[in-house]
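First the structure, in the form of C-alpha coordinates, and then the observations on it.
The values are calculated or read from the model by the stated rules, or taken from the named source; none is laboratory data. Keep in mind that what you see is a predicted model, and the values were worked out from it rather than measured. Please note: Cβ atoms are built from the backbone with ideal geometry, for glycine as well, and neighbour counts cover all protein chains shown. To get the accessible areas, we keep the full protein, side chains included, count just its heavy atoms, and leave off ligands, DNA and RNA. Shrake-Rupley method; radii C 1.70, N 1.55, O 1.52, S 1.80 Å.
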Amino acid sequence: MKLNESNLGAISQKADIPEYDRSKITCGVMHMSIGGFHRAHQAVYLDNILAQGYREWGICAVGLMPQDKDKIDKLQQQDNLYTVLERNAETDSARVVGSIIETLHAPSSPQAVLTRLEDENIKILSLTITEKGYCYDNDRNLDDENELIRHDLSNLSSPKTALGYIVSGLKDRRNQDKKPFTVMSCDNLPHNGDLTQKLVLQFAELIDLDLYSWIQNNVSFPNSMVDRITPVTTDDIIATLQAKFEIEDAWPVVCEDYIQWVIEDNFSNDRPPLEGAGVQIVDDVDPYEKMKVRLLNGSHSALSYLSYLMGYREVDKAMNDPLVSNFVRAYMDYDITPTVPHVPEINLDEYKDKLIERFSNPAISDQVQRLAEDGSQKIPNAILPCITMQLEKGRSTKFSSLALAGWFRYLTAVDESLEPIEITDPLSSKLISAAKLDIDTPRHILAIEEIFGTHLPLNDNFVQDLTYYMQCLKQKGARNTLTEALN
(Lines give C-alpha, C1' and ligand atoms only; values in the text may rest on other atoms or scores of the structure.)
Protein backbone atom coordinates (compact mmCIF):
# COMPACT_ATOMS: atom_id res chain seq x y z
CA MET A 1 0.00 0.00 0.00
CA LYS A 2 1.47 3.31 -1.05
CA LEU A 3 1.55 5.68 1.90
CA ASN A 4 -0.83 8.59 1.43
CA GLU A 5 -3.92 10.07 3.05
CA SER A 6 -6.39 8.04 1.01
CA ASN A 7 -4.75 4.72 1.93
CA LEU A 8 -4.64 5.28 5.69
CA GLY A 9 -7.74 3.20 6.31
CA ALA A 10 -6.19 0.15 4.70
CA ILE A 11 -2.80 0.79 6.31
CA SER A 12 -4.48 0.87 9.74
CA GLN A 13 -4.83 -2.92 9.52
CA LYS A 14 -1.03 -3.21 9.75
CA ALA A 15 0.15 -0.07 11.56
CA ASP A 16 -1.04 2.71 13.83
CA ILE A 17 -2.27 5.78 11.95
CA PRO A 18 -3.20 9.36 12.95
CA GLU A 19 -6.54 9.30 14.75
CA TYR A 20 -7.34 12.93 13.93
CA ASP A 21 -8.50 14.91 10.92
CA ARG A 22 -5.32 16.37 9.45
CA SER A 23 -7.30 18.79 7.28
CA LYS A 24 -8.33 20.66 10.46
CA ILE A 25 -4.81 21.01 11.88
CA THR A 26 -3.00 24.36 11.83
CA CYS A 27 0.78 24.69 12.13
CA GLY A 28 1.95 26.10 15.45
CA VAL A 29 5.55 24.93 15.09
CA MET A 30 8.07 25.57 12.33
CA HIS A 31 10.95 23.13 12.42
CA MET A 32 14.39 23.39 10.81
CA SER A 33 15.66 21.02 9.47
CA ILE A 34 13.80 17.95 8.28
CA GLY A 35 16.05 15.02 9.14
CA GLY A 36 15.38 11.63 10.64
CA PHE A 37 15.87 12.58 14.28
CA HIS A 38 13.19 15.27 14.29
CA ARG A 39 10.74 12.91 12.61
CA ALA A 40 11.46 10.16 15.17
CA HIS A 41 11.36 12.50 18.16
CA GLN A 42 9.68 15.92 18.32
CA ALA A 43 7.22 15.10 15.52
CA VAL A 44 6.15 11.95 17.37
CA TYR A 45 5.47 13.89 20.58
CA LEU A 46 3.44 16.47 18.63
CA ASP A 47 1.58 13.66 16.87
CA ASN A 48 0.53 12.46 20.34
CA ILE A 49 -0.62 15.97 21.25
CA LEU A 50 -2.67 16.31 18.06
CA ALA A 51 -4.28 12.94 18.84
CA GLN A 52 -5.42 14.43 22.18
CA GLY A 53 -7.41 17.07 20.31
CA TYR A 54 -5.04 20.05 20.33
CA ARG A 55 -5.42 21.00 16.68
CA GLU A 56 -3.15 24.07 16.64
CA TRP A 57 0.18 22.22 17.00
CA GLY A 58 0.93 20.85 13.56
CA ILE A 59 4.42 21.24 12.10
CA CYS A 60 5.65 23.21 9.12
CA ALA A 61 8.94 21.42 8.40
CA VAL A 62 11.65 23.28 6.52
CA GLY A 63 14.60 21.79 4.66
CA LEU A 64 17.54 24.20 4.85
CA MET A 65 20.02 22.40 2.60
CA PRO A 66 19.90 22.08 -1.20
CA GLN A 67 20.03 18.28 -0.84
CA ASP A 68 16.83 18.33 1.24
CA LYS A 69 14.78 18.93 -1.90
CA ASP A 70 14.59 15.25 -2.81
CA LYS A 71 13.45 14.30 0.70
CA ILE A 72 10.78 16.98 0.74
CA ASP A 73 9.53 15.84 -2.67
CA LYS A 74 9.19 12.31 -1.30
CA LEU A 75 7.20 13.51 1.71
CA GLN A 76 4.95 15.73 -0.38
CA GLN A 77 4.16 12.84 -2.72
CA GLN A 78 2.74 10.99 0.29
CA ASP A 79 0.84 13.95 1.78
CA ASN A 80 3.71 14.66 4.22
CA LEU A 81 3.02 11.36 5.97
CA TYR A 82 5.81 8.98 6.93
CA THR A 83 6.26 5.82 8.97
CA VAL A 84 8.25 5.40 12.17
CA LEU A 85 9.63 1.87 12.40
CA GLU A 86 10.30 1.33 16.09
CA ARG A 87 12.55 -1.61 16.91
CA ASN A 88 13.69 -3.52 19.97
CA ALA A 89 15.41 -6.87 20.30
CA GLU A 90 12.10 -8.77 20.20
CA THR A 91 9.65 -6.91 17.96
CA ASP A 92 9.10 -4.23 15.34
CA SER A 93 6.16 -1.84 15.35
CA ALA A 94 5.10 0.65 12.70
CA ARG A 95 3.35 3.94 13.17
CA VAL A 96 2.31 6.51 10.57
CA VAL A 97 2.97 10.04 11.87
CA GLY A 98 0.77 12.87 10.64
CA SER A 99 2.03 15.89 12.58
CA ILE A 100 4.01 17.36 9.66
CA ILE A 101 1.29 19.24 7.84
CA GLU A 102 3.41 21.38 5.54
CA THR A 103 6.91 21.10 4.06
CA LEU A 104 9.03 23.87 2.54
CA HIS A 105 12.42 23.86 0.84
CA ALA A 106 14.21 27.02 1.95
CA PRO A 107 16.85 27.25 -0.83
CA SER A 108 14.12 27.02 -3.48
CA SER A 109 11.82 29.56 -1.85
CA PRO A 110 13.24 31.55 1.06
CA GLN A 111 10.37 34.01 0.86
CA ALA A 112 7.83 31.24 1.45
CA VAL A 113 9.62 30.34 4.69
CA LEU A 114 9.75 33.96 5.85
CA THR A 115 6.06 34.43 5.01
CA ARG A 116 5.16 31.45 7.17
CA LEU A 117 7.32 32.82 9.99
CA GLU A 118 5.27 36.05 9.89
CA ASP A 119 2.13 34.02 10.67
CA GLU A 120 1.26 34.46 14.35
CA ASN A 121 -0.04 30.88 14.43
CA ILE A 122 3.65 29.87 14.40
CA LYS A 123 4.49 30.12 18.08
CA ILE A 124 7.67 28.01 18.17
CA LEU A 125 10.63 27.74 15.80
CA SER A 126 12.49 24.53 16.69
CA LEU A 127 15.89 23.41 15.46
CA THR A 128 17.80 20.21 14.75
CA ILE A 129 20.51 21.61 12.50
CA THR A 130 23.57 19.82 14.04
CA GLU A 131 26.55 21.64 15.53
CA LYS A 132 27.65 22.90 12.12
CA GLY A 133 24.36 24.68 11.52
CA TYR A 134 24.95 27.16 14.34
CA CYS A 135 27.94 28.76 12.57
CA TYR A 136 29.97 29.50 15.67
CA ASP A 137 33.73 29.92 15.94
CA ASN A 138 36.27 28.34 18.32
CA ASP A 139 35.03 30.47 21.21
CA ARG A 140 31.37 29.69 20.50
CA ASN A 141 30.74 33.18 19.22
CA LEU A 142 29.11 33.96 15.89
CA ASP A 143 31.56 33.24 13.08
CA ASP A 144 31.05 36.39 11.06
CA GLU A 145 33.72 35.15 8.64
CA ASN A 146 31.52 32.20 7.74
CA GLU A 147 30.55 32.52 4.09
CA LEU A 148 26.86 31.77 4.74
CA ILE A 149 26.67 34.18 7.69
CA ARG A 150 28.27 36.91 5.60
CA HIS A 151 25.67 36.28 2.91
CA ASP A 152 22.82 36.51 5.40
CA LEU A 153 24.09 39.70 7.01
CA SER A 154 23.91 41.33 3.59
CA ASN A 155 20.80 39.52 2.32
CA LEU A 156 18.41 39.16 5.23
CA SER A 157 15.43 38.89 2.87
CA SER A 158 16.80 35.63 1.40
CA PRO A 159 18.80 33.90 4.15
CA LYS A 160 20.70 30.65 3.88
CA THR A 161 21.22 29.81 7.57
CA ALA A 162 18.88 29.06 10.44
CA LEU A 163 20.26 32.10 12.27
CA GLY A 164 19.44 34.28 9.28
CA TYR A 165 15.87 33.00 9.18
CA ILE A 166 15.43 33.44 12.92
CA VAL A 167 16.61 37.05 12.92
CA SER A 168 14.73 37.92 9.74
CA GLY A 169 11.54 36.34 11.08
CA LEU A 170 11.83 38.09 14.43
CA LYS A 171 12.54 41.39 12.69
CA ASP A 172 9.30 41.02 10.71
CA ARG A 173 7.39 40.19 13.90
CA ARG A 174 8.78 43.27 15.63
CA ASN A 175 8.09 45.55 12.66
CA GLN A 176 4.49 44.34 12.52
CA ASP A 177 4.04 44.54 16.29
CA LYS A 178 3.38 40.82 16.52
CA LYS A 179 4.21 38.50 19.39
CA PRO A 180 7.56 36.74 18.84
CA PHE A 181 7.96 33.00 18.43
CA THR A 182 9.98 30.94 20.91
CA VAL A 183 13.29 29.64 19.51
CA MET A 184 13.78 26.06 20.71
CA SER A 185 17.04 24.25 19.96
CA CYS A 186 16.84 20.45 20.07
CA ASP A 187 20.47 19.76 19.16
CA ASN A 188 23.04 17.96 21.28
CA LEU A 189 24.88 21.07 22.44
CA PRO A 190 25.68 22.17 25.99
CA HIS A 191 23.11 24.78 27.03
CA ASN A 192 21.65 24.70 23.52
CA GLY A 193 19.09 27.41 24.23
CA ASP A 194 21.62 29.76 25.83
CA LEU A 195 24.03 29.22 22.94
CA THR A 196 21.31 29.87 20.35
CA GLN A 197 20.28 33.04 22.15
CA LYS A 198 23.86 34.32 22.21
CA LEU A 199 24.39 33.65 18.51
CA VAL A 200 21.05 35.17 17.50
CA LEU A 201 21.77 38.29 19.54
CA GLN A 202 25.26 38.61 18.08
CA PHE A 203 23.78 38.32 14.58
CA ALA A 204 21.01 40.84 15.36
CA GLU A 205 23.52 43.28 16.83
CA LEU A 206 25.26 43.43 13.44
CA ILE A 207 21.93 44.24 11.78
CA ASP A 208 20.02 46.57 14.08
CA LEU A 209 20.72 47.55 17.70
CA ASP A 210 17.02 48.17 18.39
CA LEU A 211 16.21 44.69 17.08
CA TYR A 212 18.95 43.28 19.33
CA SER A 213 17.30 44.89 22.37
CA TRP A 214 13.82 43.75 21.34
CA ILE A 215 14.95 40.13 20.96
CA GLN A 216 16.83 40.27 24.25
CA ASN A 217 13.75 41.52 26.09
CA ASN A 218 11.01 39.53 24.36
CA VAL A 219 12.23 36.22 22.93
CA SER A 220 12.73 32.99 24.89
CA PHE A 221 15.33 30.34 24.06
CA PRO A 222 14.60 27.34 26.31
CA ASN A 223 17.34 24.80 26.91
CA SER A 224 16.39 21.24 26.11
CA MET A 225 17.71 17.69 26.14
CA VAL A 226 16.57 15.15 23.57
CA ASP A 227 17.33 11.45 23.27
CA ARG A 228 16.44 8.71 20.83
CA ILE A 229 18.86 6.60 18.78
CA THR A 230 17.85 7.11 15.16
CA PRO A 231 20.09 5.50 12.53
CA VAL A 232 20.10 6.55 8.90
CA THR A 233 17.24 5.07 6.88
CA THR A 234 18.58 2.46 4.45
CA ASP A 235 17.05 0.56 1.54
CA ASP A 236 16.82 -2.43 3.89
CA ILE A 237 14.57 -0.45 6.23
CA ILE A 238 12.31 0.52 3.34
CA ALA A 239 12.19 -3.14 2.28
CA THR A 240 11.47 -4.32 5.84
CA LEU A 241 8.56 -1.91 6.08
CA GLN A 242 7.12 -3.29 2.86
CA ALA A 243 7.65 -6.93 3.80
CA LYS A 244 6.39 -6.78 7.39
CA PHE A 245 3.75 -4.06 7.22
CA GLU A 246 2.89 -3.82 3.49
CA ILE A 247 3.60 -0.08 3.51
CA GLU A 248 5.36 1.56 0.58
CA ASP A 249 7.05 4.59 2.14
CA ALA A 250 9.71 6.51 0.20
CA TRP A 251 11.29 8.02 3.33
CA PRO A 252 10.45 6.25 6.59
CA VAL A 253 12.47 6.62 9.77
CA VAL A 254 13.81 3.85 12.02
CA CYS A 255 14.51 4.21 15.73
CA GLU A 256 14.76 2.43 19.05
CA ASP A 257 11.80 2.10 21.42
CA TYR A 258 13.34 4.52 23.95
CA ILE A 259 12.52 8.24 23.85
CA GLN A 260 13.17 11.18 26.17
CA TRP A 261 12.68 14.95 26.01
CA VAL A 262 13.45 17.43 28.81
CA ILE A 263 12.69 21.14 28.29
CA GLU A 264 13.23 24.25 30.37
CA ASP A 265 9.92 25.96 31.21
CA ASN A 266 10.79 29.16 29.34
CA PHE A 267 8.54 30.18 26.44
CA SER A 268 7.85 33.66 25.04
CA ASN A 269 4.61 32.51 23.43
CA ASP A 270 2.06 29.76 23.85
CA ARG A 271 3.30 26.16 23.90
CA PRO A 272 1.70 22.75 23.42
CA PRO A 273 0.76 20.70 26.51
CA LEU A 274 3.96 18.71 26.24
CA GLU A 275 3.84 17.20 29.71
CA GLY A 276 0.68 15.35 28.70
CA ALA A 277 2.72 13.61 25.99
CA GLY A 278 5.51 12.50 28.33
CA VAL A 279 7.89 15.48 28.06
CA GLN A 280 9.61 16.57 31.28
CA ILE A 281 9.16 20.32 31.83
CA VAL A 282 11.80 21.44 34.34
CA ASP A 283 13.33 24.59 35.78
CA ASP A 284 16.89 23.51 34.98
CA VAL A 285 17.87 21.21 32.12
CA ASP A 286 21.60 21.34 32.87
CA PRO A 287 21.98 18.11 34.92
CA TYR A 288 19.90 16.09 32.43
CA GLU A 289 21.90 17.52 29.56
CA LYS A 290 25.28 16.78 31.15
CA MET A 291 24.14 13.24 31.95
CA LYS A 292 23.05 12.58 28.39
CA VAL A 293 25.82 14.35 26.48
CA ARG A 294 28.62 12.92 28.63
CA LEU A 295 27.32 9.40 29.17
CA LEU A 296 25.48 8.70 25.91
CA ASN A 297 27.09 10.93 23.29
CA GLY A 298 30.56 10.66 24.79
CA SER A 299 30.29 6.87 24.99
CA HIS A 300 29.16 6.74 21.38
CA SER A 301 32.31 8.57 20.32
CA ALA A 302 34.53 6.56 22.68
CA LEU A 303 33.37 3.21 21.35
CA SER A 304 33.21 4.20 17.68
CA TYR A 305 36.89 4.73 16.90
CA LEU A 306 38.25 1.70 18.73
CA SER A 307 35.44 -0.48 17.36
CA TYR A 308 36.12 0.68 13.83
CA LEU A 309 39.82 -0.10 14.18
CA MET A 310 38.88 -3.57 15.42
CA GLY A 311 36.89 -4.15 12.25
CA TYR A 312 33.35 -3.58 13.49
CA ARG A 313 30.94 -1.63 11.30
CA GLU A 314 27.66 -2.10 13.24
CA VAL A 315 27.37 -0.77 16.78
CA ASP A 316 25.38 -3.71 18.16
CA LYS A 317 27.97 -6.20 16.87
CA ALA A 318 30.75 -4.18 18.47
CA MET A 319 28.84 -4.08 21.76
CA ASN A 320 28.39 -7.85 21.69
CA ASP A 321 32.17 -8.09 22.03
CA PRO A 322 32.82 -8.11 25.80
CA LEU A 323 35.99 -6.08 25.25
CA VAL A 324 34.00 -3.21 23.78
CA SER A 325 31.05 -3.36 26.18
CA ASN A 326 33.35 -3.64 29.22
CA PHE A 327 35.39 -0.71 27.94
CA VAL A 328 32.25 1.42 27.50
CA ARG A 329 31.07 0.60 31.02
CA ALA A 330 34.51 1.31 32.53
CA TYR A 331 34.68 4.58 30.57
CA MET A 332 31.30 5.62 31.99
CA ASP A 333 31.93 4.42 35.55
CA TYR A 334 35.44 5.70 36.18
CA ASP A 335 36.00 8.67 33.89
CA ILE A 336 32.55 10.17 33.29
CA THR A 337 30.12 9.47 36.15
CA PRO A 338 32.13 11.59 38.65
CA THR A 339 31.60 14.59 36.34
CA VAL A 340 27.80 14.22 36.17
CA PRO A 341 25.87 16.36 38.68
CA HIS A 342 22.90 15.08 40.66
CA VAL A 343 20.02 14.47 38.25
CA PRO A 344 16.57 14.65 39.88
CA GLU A 345 14.64 11.38 39.77
CA ILE A 346 17.40 9.55 37.86
CA ASN A 347 19.38 6.54 39.11
CA LEU A 348 22.67 6.77 37.22
CA ASP A 349 23.51 3.08 37.53
CA GLU A 350 20.14 2.17 36.00
CA TYR A 351 20.63 4.83 33.34
CA LYS A 352 24.02 3.35 32.39
CA ASP A 353 22.56 -0.16 32.34
CA LYS A 354 19.91 1.09 29.95
CA LEU A 355 22.54 2.73 27.72
CA ILE A 356 24.45 -0.53 27.39
CA GLU A 357 21.19 -2.27 26.50
CA ARG A 358 20.31 0.41 23.94
CA PHE A 359 23.75 0.39 22.30
CA SER A 360 23.52 -3.41 22.03
CA ASN A 361 20.06 -3.44 20.40
CA PRO A 362 20.50 -5.72 17.35
CA ALA A 363 17.32 -4.43 15.74
CA ILE A 364 18.73 -0.91 15.43
CA SER A 365 22.18 -1.82 14.12
CA ASP A 366 23.45 1.73 13.98
CA GLN A 367 26.60 2.31 11.94
CA VAL A 368 29.92 2.76 13.76
CA GLN A 369 30.97 5.14 10.99
CA ARG A 370 27.98 7.42 11.71
CA LEU A 371 28.97 7.69 15.36
CA ALA A 372 32.54 8.47 14.31
CA GLU A 373 31.55 11.44 12.16
CA ASP A 374 32.27 15.05 13.17
CA GLY A 375 34.56 14.19 16.07
CA SER A 376 35.92 17.74 16.17
CA GLN A 377 32.42 18.97 16.95
CA LYS A 378 31.31 16.20 19.34
CA ILE A 379 34.40 15.51 21.44
CA PRO A 380 34.84 19.08 22.79
CA ASN A 381 31.26 18.90 24.08
CA ALA A 382 31.11 15.35 25.38
CA ILE A 383 34.59 14.19 26.39
CA LEU A 384 37.08 17.02 26.88
CA PRO A 385 35.18 18.77 29.74
CA CYS A 386 35.16 15.46 31.63
CA ILE A 387 38.89 14.98 31.13
CA THR A 388 39.55 18.51 32.40
CA MET A 389 37.39 17.98 35.49
CA GLN A 390 38.93 14.60 36.26
CA LEU A 391 42.48 15.94 35.92
CA GLU A 392 41.69 18.83 38.26
CA LYS A 393 40.44 16.35 40.89
CA GLY A 394 43.28 13.88 40.35
CA ARG A 395 40.84 11.20 39.19
CA SER A 396 40.86 8.67 36.36
CA THR A 397 41.24 9.73 32.73
CA LYS A 398 42.57 6.34 31.66
CA PHE A 399 39.65 5.26 29.48
CA SER A 400 38.90 8.69 28.04
CA SER A 401 42.58 9.03 27.06
CA LEU A 402 42.33 5.65 25.34
CA ALA A 403 39.19 6.84 23.52
CA LEU A 404 41.04 9.93 22.28
CA ALA A 405 44.02 7.82 21.22
CA GLY A 406 41.58 5.69 19.23
CA TRP A 407 40.28 8.82 17.52
CA PHE A 408 43.81 9.97 16.68
CA ARG A 409 44.65 6.56 15.22
CA TYR A 410 41.39 6.56 13.24
CA LEU A 411 42.29 10.00 11.81
CA THR A 412 45.28 8.51 10.00
CA ALA A 413 42.53 7.43 7.55
CA VAL A 414 43.77 3.81 7.34
CA ASP A 415 42.45 0.98 9.54
CA GLU A 416 44.42 -1.92 11.01
CA SER A 417 43.85 -3.96 7.85
CA LEU A 418 45.33 -1.09 5.80
CA GLU A 419 41.92 -0.33 4.33
CA PRO A 420 41.15 3.38 3.77
CA ILE A 421 38.84 5.15 6.23
CA GLU A 422 36.57 7.91 4.98
CA ILE A 423 36.89 10.73 7.51
CA THR A 424 33.79 12.92 7.73
CA ASP A 425 34.51 16.03 9.76
CA PRO A 426 34.44 19.82 9.18
CA LEU A 427 38.16 19.85 10.05
CA SER A 428 39.01 16.63 8.21
CA SER A 429 41.95 17.91 6.16
CA LYS A 430 43.59 19.57 9.17
CA LEU A 431 43.00 16.53 11.39
CA ILE A 432 44.26 13.98 8.88
CA SER A 433 47.38 16.02 8.19
CA ALA A 434 48.12 16.36 11.91
CA ALA A 435 47.47 12.66 12.58
CA LYS A 436 49.78 11.54 9.80
CA LEU A 437 52.60 13.89 10.79
CA ASP A 438 53.32 11.86 13.91
CA ILE A 439 51.45 8.71 14.89
CA ASP A 440 53.57 8.19 18.02
CA THR A 441 52.68 11.37 19.91
CA PRO A 442 49.60 13.62 20.08
CA ARG A 443 51.46 16.92 19.83
CA HIS A 444 50.31 17.91 16.33
CA ILE A 445 46.65 17.16 16.93
CA LEU A 446 46.66 18.72 20.39
CA ALA A 447 48.00 21.89 18.76
CA ILE A 448 44.61 22.41 17.03
CA GLU A 449 43.35 25.06 19.42
CA GLU A 450 39.78 25.16 18.12
CA ILE A 451 39.38 21.65 19.53
CA PHE A 452 41.72 21.43 22.52
CA GLY A 453 42.27 25.04 23.55
CA THR A 454 45.57 25.96 25.18
CA HIS A 455 45.26 24.58 28.72
CA LEU A 456 44.64 20.85 28.30
CA PRO A 457 47.64 20.20 25.99
CA LEU A 458 49.95 21.53 28.73
CA ASN A 459 48.92 18.85 31.24
CA ASP A 460 51.87 16.45 31.36
CA ASN A 461 49.94 13.52 32.87
CA PHE A 462 47.27 13.74 30.19
CA VAL A 463 49.81 13.99 27.35
CA GLN A 464 51.81 11.05 28.74
CA ASP A 465 48.71 8.82 28.97
CA LEU A 466 47.64 9.80 25.49
CA THR A 467 51.10 9.14 24.09
CA TYR A 468 51.24 5.76 25.80
CA TYR A 469 47.94 4.61 24.32
CA MET A 470 48.78 5.95 20.88
CA GLN A 471 51.96 3.87 20.89
CA CYS A 472 50.08 0.83 22.19
CA LEU A 473 47.55 1.11 19.38
CA LYS A 474 50.34 1.40 16.83
CA GLN A 475 52.37 -1.52 18.17
CA LYS A 476 49.71 -3.90 19.51
CA GLY A 477 46.47 -2.94 17.78
CA ALA A 478 43.13 -1.94 19.28
CA ARG A 479 42.12 -5.37 20.59
CA ASN A 480 45.30 -5.99 22.56
CA THR A 481 45.36 -2.39 23.81
CA LEU A 482 41.80 -2.70 25.09
CA THR A 483 42.58 -6.00 26.74
CA GLU A 484 45.57 -4.50 28.53
CA ALA A 485 43.66 -1.41 29.64
CA LEU A 486 40.80 -3.46 31.09
CA ASN A 487 43.15 -5.79 32.93
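Of the listed requirements (1) assigned to a helix (DSSP H, G or I); (2) within 28 Å of I263 (Cβ to Cβ); (3) out of contact with any helix residue (DSSP H, G or I) (no Cβ under 6 Å at 6 or more places or on another chain); (4) at pLDDT 95 or above, D284 misses just one: (1). Of the helices (runs of 4 or more DSSP H) lying entirely inside segment 295-336, not one is found with 2 or more residues being touching an Asp or Glu at 6+ places or on another chain (Cβ under 6 Å) and under 15 Å from A478 (Cα atoms).
The set of residues in segment 405-424 that are loosely packed, with under 14 Cβ neighbours inside 10 Å and not β-branched (V, I, T) comprises S417, L418, E419, P420, E422. Screening L446, L473 for residues that are of a type in the set (A, V, I, L, M, F, W, C), closer than 15 Å to I379 by Cβ and at pLDDT 95 or above leaves exactly one candidate, L446.
The residues of segment 1-19 that are surrounded by fewer than 17 Cβ atoms within 10 Å (Cβ to Cβ), touching a residue at least 12 places away in the same chain (Cβ under 8 Å) and in a loop (DSSP other than H, G, I, E, B), listed by number, are N4, K14, E19.
When you scan segment 120-140, do you find a residue that is at positive phi, crowded, with 22+ Cβ neighbours inside 10 Å and out of contact with any strand residue (DSSP E or B) (no Cβ under 6 Å at 6 or more places or on another chain), even just one?
The answer is yes, given that some residue of segment 120-140 is at positive phi, crowded, with 22+ Cβ neighbours inside 10 Å and out of contact with any strand residue (DSSP E or B) (no Cβ under 6 Å at 6 or more places or on another chain).
Scanning segment 29-43 for any residue that is open to solvent by 70 Å² or more (accessible area, probe 1.4 Å) and charged (D, E, K, R) turns up nothing. Just one of the numbered conditions (1) at pLDDT 95 or above; (2) touching a strand residue (DSSP E or B) at 6+ places or on another chain (Cβ under 7 Å) is not true of Q367: (1).
Could you please find all residues in segment 250-267 being open to solvent by less than 20 Å² (accessible area, probe 1.4 Å) and over 30 Å from A405 (Cβ atoms)? Within segment 250-267, P252, V253, V254, C255, Q260, W261, V262, I263 meet the criteria. Listed by first and then second residue, the pairs linking a residue in segment 275-288 that is closer than 19 Å to L50 by Cα and of a type in the set (D, E, K, R) to a residue that is open to solvent by 50 Å² or more (accessible area, probe 1.4 Å) and part of a loop (DSSP other than H, G, I, E, B), with Cβ atoms under 7 Å apart and 6 or more places separating them unless they lie on different chains, form an empty list. Of all the residues in segment 342-379, those that are among the β-branched types (V, I, T), open to solvent by less than 20 Å² (accessible area, probe 1.4 Å) and over 15 Å from I229 (Cα atoms) number 2. Out of curiosity, is Y305 open to solvent by less than 50 Å² (accessible area, probe 1.4 Å), touching a residue at least 60 places away in the same chain (Cβ under 8 Å) and closer than 21 Å to L411 by Cβ? In short, yes. For segment 47-68, the set of residues classified as among the hydrophobic types (A, V, I, L, M, F, W, C) and open to solvent by 10 Å² or more (accessible area, probe 1.4 Å) consists of A51, L64, M65, listed by residue number. Within segment 457-466, work out how many residues are without any contact (Cβ under 8 Å) to a residue 40 or more places away in the chain and buried (at least 17 other Cβ atoms within 10 Å of the Cβ). Selection size over segment 457-466: 2. Does T454 qualify as being β-branched (V, I, T) and open to solvent by 70 Å² or more (accessible area, probe 1.4 Å)? Considered against the rule, which asks whether it is β-branched (V, I, T) and open to solvent by 70 Å² or more (accessible area, probe 1.4 Å), T454 comes out as yes.
Could you please let me know if R116 is of a type in the set (K, R), open to solvent by 40 Å² or more (accessible area, probe 1.4 Å), in contact with a strand residue (DSSP E or B) (Cβ under 9 Å, 6 or more places away or on another chain) and within 24 Å of K69 (Cα to Cα)? Considered against the rule, which asks whether it is of a type in the set (K, R), open to solvent by 40 Å² or more (accessible area, probe 1.4 Å), in contact with a strand residue (DSSP E or B) (Cβ under 9 Å, 6 or more places away or on another chain) and within 24 Å of K69 (Cα to Cα), R116 comes out as yes.
Taking segment 237-277 as the range and being at pLDDT 95 or above and touching a Phe, Trp or Tyr at 6+ places or on another chain (Cβ under 7 Å) as the test, the residues that pass are D249, W251, P252, V253, W261, V262, P272, P273, L274, A277. Within segment 469-487, if we keep just the residues that are of a type in the set (S, T, Y) and within 8 Å of L402 (Cβ to Cβ), the residue that is surrounded by the most Cβ atoms within 10 Å (Cβ to Cβ) turns out to be T481.
Out of all the residues in segment 242-249, is one or more more than 14 Å from the chain's Cα centre (by Cα), crowded, with 19+ Cβ neighbours inside 10 Å, in contact (Cβ under 8 Å) with a residue 60 or more places away in the chain and not in a helix (DSSP H, G or I)?
yes
Do we find that L427 is out of contact with any strand residue (DSSP E or B) (no Cβ under 7 Å at 6 or more places or on another chain) and open to solvent by 20 Å² or more (accessible area, probe 1.4 Å) in this structure? Considered against the rule, which asks whether it is out of contact with any strand residue (DSSP E or B) (no Cβ under 7 Å at 6 or more places or on another chain) and open to solvent by 20 Å² or more (accessible area, probe 1.4 Å), L427 comes out as yes. Residue count for segment 152-193 under the criterion of being open to solvent by less than 10 Å² (accessible area, probe 1.4 Å), over 19 Å from N269 (Cβ atoms), among the hydrophobic types (A, V, I, L, M, F, W, C) and part of a helix (DSSP H, G or I): the result is 1.
Look at segment 99-118: where a residue is closer than 29 Å to A277 by Cβ and assigned to a strand (DSSP E or B) and a partner is open to solvent by 50 Å² or more (accessible area, probe 1.4 Å) and modelled with pLDDT of 95 or more, sitting 6+ places away or on another chain with Cβ atoms under 7 Å, you get T103/Q76; H105/K69.
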